1. Could you check how much of the accessible area of the stretch 117-241 is carbon and sulfur, as a whole percent, using a 1.4 Å probe?
2. Compute the normalised compactness of the stretch 64-174: alpha-carbon radius of gyration over 2.2 N^0.38 Å, N being the residue count.
3. How high is the relative contact order of the chain, in percent, counting Cα pairs under 8 Å that sit 6 or more residues apart?
4. Considering every pair of different Cα atoms, what Kirkwood radius, in Å, is found for the stretch 176-239?
5. In square angstrom, rounded to the nearest 10, how much accessible surface does Met216 have for a 1.4 Å probe?
6. If you add up the charges near Gly160, with Lys and Arg at +1 and Asp and Glu at -1, over every other residue whose beta carbon is less than 15 angstrom from its beta carbon, what do you get?
7. Using a 1.4 angstrom probe and counting only protein chains, how large is the accessible area of Glu172 in Å², to 10?
8. Per the Kirkwood definition applied to all pairs of different Cα atoms, how many angstroms is the hydrodynamic radius of the chain?
Amino acid sequence: DLYVTIDIEIQKSIEDAFSGRKGAAVVMDVATGEVIALVSSPGFFPGAFLDTDDAAYVKNLLTNPDTPLINRAISGHYPLGSVFKVILSIAALEKRMITPDKRYFCPGEMLVGAKEFKCWSTHDSQDLIEAITHSCNVYFYHLALLLGPDALTEYALKFGFGRPTGIDLSQEVSGYVPSVLSRRMKLRNWYEGDTANFGIGQGDLLVSPVQAARLMAAIANGGKLLRPYLVRKLSGQEVNP
């Protein structure tokens with residue numbers, strides 16, 4: 001017998017919300033790492049592979065351009081986007097580069113090198129809390145350039161990016177954390193624009209949904225990076241108490 005951590009009502013609610021859409025969702029207990037819900041959409045009925053009458057259904061799964069056989073929650077990796085701004089904030093505070101009162105002015109864009117980097121709005125003067133609240137790109141462009149790319153790489157790795165979480169499912173991807181060194185090994189230069197992009201979770205950074213959930217769990221629980229898991233008991237034996 002297999003006992004899992006999934007809350008079926010929450011799981012069903014999220015699956016219904018994803019009906020007709022592509023995407024993934026992971027819900028974790030921030031204190032234990034228990035996975036309360038894990039959804040990859042579109043999904044499929046695994047029992048079809050055991051029934052010869054479902055050959056047409058299986059063929060559609062194998063040829064469907066929406067790739068339902070890929071578990072996007074653990075095997076898909078994507079730009080993290082503005083969620084990365086939380087890591088940037090922690091790095092700047094821990095390295096004493098700023099205090100929460102540090103202000104930058106957001107006119108809606110910022111010149112980095114010869115290129116204009118946009119914000120999604122005009123926020124005027126922002127301190128750190130306001131910048132997080134409004135997800136102000138310009139504030140975090142400034143912060144990224146202040147910290148430099150090596151610090152961004154360092155803190156992305158500290159929060160578990162670039163390696164599997166260890167969840168008890170197969171085919172988990174590592175994602176990718178860019179660095180100046182890896183760029184140089186490919187005989188390519190690193191520019192200030194790359195640092196600005198990295199600072200808002202764009203560019204070469206790739207993160208799986210389960211990695212993103214683990215990041216936010218660590219923020220919520222005071223800094224403990226947990227291993228997410230779904231199996232609580234197997235044949236009556238505690239696996240992840």
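The values are calculated or read from the model by the stated rules, or taken from the named source; none is laboratory data. In this text, all values refer to a predicted model and were calculated from it rather than measured experimentally. All Cβ positions, glycine included, derive from the backbone under ideal geometry; neighbour counts span all protein chains shown. Keep in mind that these areas ignore ligands, DNA and RNA; they rest on the heavy atoms of the full protein, side chains included. Shrake-Rupley method; radii C 1.70, N 1.55, O 1.52, S 1.80 Å.
1. Values: 3270 of 6010 Å².
Of all accessible area on the stretch 117-241, carbon and sulfur atoms account for 54 percent.
2. Values: Rg = 16.9 Å, N = 111, 2.2 N^0.38 = 13.2 Å.
Rounded to two decimals, the normalised Rg is 1.29.
3. It rounds to 26 percent for the chain.
4. Details: mean 1/r = 0.0678 Å⁻¹.
The Cα-based Kirkwood calculation yields 14.8 Å.
5. 80
6. Details: positive: Lys158, Arg163, Arg214, Lys224, Arg227; negative: Glu154, Glu172.
Taking every Cβ under 15 Å from that of Gly160, the sum is +3.
7. The accessible area comes out at roughly 40 Å².
8. Values: mean 1/r = 0.0502 Å⁻¹.
One over the average 1/r among Cα pairs gives 19.9 Å for the chain.
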